[in-house]
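Quick notes on the structure that follows.
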Amino acid sequence: MRVKHIHLQCRKLLLLSFAVVLVVCYILYFMLPPVQGRIAEANRGGATEILDSKGGLIAWHVDSHDSWRVPVALEQVSAWAVKSIIAAEDQRFWEHRGVDPFALVRAASQNLRYGRRVSGASTISMQAMRLLRPSERNWTAKLRESLLALQTEKESGKRKILQLYLNLAPYGGNVVGIEAAARHYFGKSARELTLGEASLLSGIPQSPARFNPRKHLQAALQRREYVLERMEQLGMVDAKAVDAALKEKIIIRNAAVNNRDPRFADYVLQLTANRGGIVNTTIDPRVQAITQNLVQKKYQELAAGGITGMAVVVLDVSDSKLLAMVGNADPDNPVSGFVNGATARRQPGSLLKPFIFCSAYEQGILTPAAVVYDVPSSWNEYRPENIDHAYLGAISAAEALRYSRNIPAVRVLQQIGIQFFTDKLARMGLYTAGPVEQYNLSLALGTAEMPLLKLVNAYATLSRGGEYMPLKVLAGDTCNKTSSVFTPQASWLTIQSLGHNRECTLAWKTGTSWNHRDAWAICISKRYVVGVWCGNFSGSGNNNLLGAEAALPAAVELADSINPADKAKWEKPEGVAVRKVCALSGSIPGAGCNHVIDDYYIPGVSAQGICRLHKAEDITETTGERIMWPAEVAAYLENKPGEKVAEQSDGLKLTSPVAEGIYFVNSACPQQGNKLDLSSTVTSKGGIAYFIDGEYVGRCESGGAVAWNMVPGYHKLVAVANGESVHTGFEIKTLE
């Protein structure tokens, strides 16, 4: 009787304990912490994935937990990945309701048999809950995970649970989720995984450290064999498919992320406030690749000359989309590698001059042939100089802009007014804050700091006929709203003044900041704008930092490489006409003007003044032409009246061609003798760059020569070396 009583008491105690457990579970079930918010968060955000316009990966950036995690919908995951993860982790996933009782019995039996934990019996649903709310591994945590799995499956369903697990599963190191794993190990999306790749990845979560394929490939491959075997046993694949998967060659991609320009990635993260997820950008992978290759080549040349910084930007003129950016040619530099030269504010040198002359064309103050004076001048205490310390005397506005003369630019800025000009800059995003009084006429020479990216977009405004468009970096930005900054007529006249080839399909402007701290070049065509900056991020100067030498060759080469067949011209807009003007003054010819030329002008806008340089009563058969120069010009000019001359630099001497020389081209034998050697000597070190009619021809060392294909006609030559330049003219005639 006593034994029977004891058994009865044990049964009651067991039933009571079971009842208590049921009550506790029931209470806990309804007191479980809410997880729906965490589930929603796990299925969005994550690491930032920056893509180019074709969907190619530019860069990744870890999430707030320092994880590489890219959430995806279940529909975006390969069917092989879904099947293999179920085979590896939870073969009855589709049958149970969050907790697998058969797995519990099996795990308990195995653990009792071996006297240690052999199997945990965790379903995919339970593992998803543990990944969602990490905690210590004990029986209370297991109970909570089980209850959460039951609750979440009831509320969300199997597919949401499976998606959650695939987005949170560990795949070695800080790689989290199937999408991040596919991209990290194979360089592809999860939807593109093959059976061999999917089965390898599905084996990793069981022990991410032991089966990390980058560190332990053989172990990962052995685990893959187990996964494929399970898939075959469960009828998910046949033996033939397993055999093919086992023979599939597994190539683990390089661990380095394909980060085409880390400084561009930083810039995008700033624009998006590092919100996570996929960020599609406007970067054109073809243009970006060409740009990076050119930067790598040119940067080696710059570094040899002590220049440690280079940045390049390419824009699409039609909509101001950013097509390529290299913010720092040496991003691994421990001192300056973090600086983005495309967005850093630097002094632009002469890059603002086209907008000064465009404003003058728009106001009717100048036309391309109008005379401007390049002579020593001062404005109160301000005494600017030309970079070559030489003066050209009386030249046309177009020549002053094309040859980047400082004195005429300052004069024109004074005429149009600083307030008018800064308003123009502000409308193109170049002038941001501060009273206009902080600027003076030195603004013409680029004393206000501006970033390359915005300067390039301002030049796109010129190419579009004066219509400004906001810069587009993110693909979702489809705003094409424009605002008129300059008239189409003034913009076209400016481009013609800048044009550096006979067809005027390409125009450019260079800039060199004070003390040779920055070298710039911006090339524009109908379709693209290319901007190049060279300098030292420390701000130190270097005599090699000349826009025409350090930056221009790279800009021209890149513009040609991007679209070598681009021959589109800027069409002359309505409202631009041609008139005869005095060849010397660019004004309406008077009675004493013997020589006239054609000049573009804007009817009803351009000044209609009569030439004041000639007086008919001063012209006789004996005295010839008399020119009434302004006093400041007359005081400077010592040559024959009306003659435009350039001074020869003391350090730089032009040896070929001879000044005002005449050379002949043989039309009968065009392959022979039709090249002219351009050569000079210079006392300082460094190369000499040659420009003919404003077009860059080539560069060589002192005493060397650049061969130029002769073209009949009168030409103007400029040689530039270490801040000095020489100018001359010569003529090519055809020998019949």
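The values are calculated or read from the model by the stated rules, or taken from the named source; none is laboratory data. This structure is a prediction, so every number in the text was calculated from the model and none was measured. Backbone-built Cβ (ideal geometry, glycine too); neighbour counts: all protein chains shown. What goes into the accessible areas is simple: the full protein's heavy atoms, side chains included, and nothing from ligands, DNA or RNA. Shrake-Rupley method; radii C 1.70, N 1.55, O 1.52, S 1.80 Å.
Here are the numbers for the structure shown:
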| quantity | calculated |
| --- | --- |
| Residues of region 692-717 that turn out to be of a type in the set (Phe, Trp, Tyr) and under 37 Å from the mean Cα position of the chain (by Cα), as a count | 2 |
| Long-range neighbours under 6 Å by Cβ, at least six apart or interchain, first residue more than 17 Å from Gln127 (Cβ to Cβ) within region 192-213, second crowded, with 23+ Cβ neighbours inside 10 Å and of a type in the set (S, T, N, Q) | Ala198/Ser84; Ser199/Ser84 |
| Lone unmet requirement of (1) open to solvent by less than 70 Å² (accessible area, probe 1.4 Å); (2) part of a strand (DSSP E or B) for Val237 | (2) |
| Qualifying residue in region 24-33 (condition: more than 30 Å from Ala324 (Cα to Cα), of a type outside the set (Lys, Arg) and either outside any helix (DSSP H, G or I) or at pLDDT 80 or above (or both)) | yes |
| Residue match in region 372-382 (condition: at pLDDT 90 or above and out of contact with any Asp or Glu (no Cβ under 7 Å at 6 or more places or on another chain)) | yes |
| Boolean, Ala369 is part of a helix (DSSP H, G or I), under 22 Å from Ala490 (Cα atoms) and among the aliphatic types (A, V, I, L, M) | no |
| Residue that is among the aromatic types (Phe, Trp, Tyr), at pLDDT below 80, in contact with a Lys or Arg (Cβ under 9 Å, 6 or more places away or on another chain) and surrounded by 15 or more Cβ atoms within 10 Å (Cβ to Cβ), where the choices are Phe730, Phe691 | Phe691 |
| Sole exception among (1) touching a helix residue (DSSP H, G or I) at 6+ places or on another chain (Cβ under 6 Å); (2) buried (at least 24 other Cβ atoms within 10 Å of the Cβ) for Thr461, by number | (1) |
| Residue that is surrounded by the most Cβ atoms within 10 Å (Cβ to Cβ), among those in region 556-608 that are among the acidic types (Asp, Glu) and out of contact with any Lys or Arg (no Cβ under 7 Å at 6 or more places or on another chain) | Glu557 |
| Some residue of region 372-379 being aromatic (Phe, Trp, Tyr), more than 27 Å from the chain's Cα centre (by Cα) and open to solvent by 30 Å² or more (accessible area, probe 1.4 Å) | yes |
| Qualifying residue in region 309-317 (condition: among the small types (Gly, Ala, Ser) and under 18 Å from the mean Cα position of the chain (by Cα)) | yes |
| Any hit, region 503-512, residues being under 29 Å from Tyr600 (Cα atoms), more than 20 Å from the chain's Cα centre (by Cα) and of a type in the set (A, V, I, L, M) | yes |
| Matching strands (runs of 3 or more DSSP E) fully within region 262-330 where at least 1 residues are surrounded by fewer than 16 Cβ atoms within 10 Å (Cβ to Cβ) | 277-280 |
| Test: residue in region 479-487 that is surrounded by fewer than 19 Cβ atoms within 10 Å (Cβ to Cβ), under 26 Å from the mean Cα position of the chain (by Cα) and at pLDDT 90 or above | yes |
| Number of the exception - Ala181 against (1) touching a strand residue (DSSP E or B) at 6+ places or on another chain (Cβ under 8 Å); (2) open to solvent by less than 30 Å² (accessible area, probe 1.4 Å); (3) in a loop (DSSP other than H, G, I, E, B) | (3) |
| Residue in region 332-346 that is over 19 Å from Val529 (Cβ atoms) and open to solvent by less than 30 Å² (accessible area, probe 1.4 Å) present | yes |
| Test: residue in region 404-425 that is over 22 Å from Ser320 (Cβ atoms), among the hydroxyl-bearing types (Ser, Thr, Tyr), open to solvent by less than 40 Å² (accessible area, probe 1.4 Å) and in contact (Cβ under 8 Å) with a residue 60 or more places away in the chain | yes |
| Every residue from region 353-398 that is touching a strand residue (DSSP E or B) at 6+ places or on another chain (Cβ under 8 Å) and within 24 Å of Val532 (Cβ to Cβ) | Lys353, Pro354, Asn386, Ile387, Asp388 |
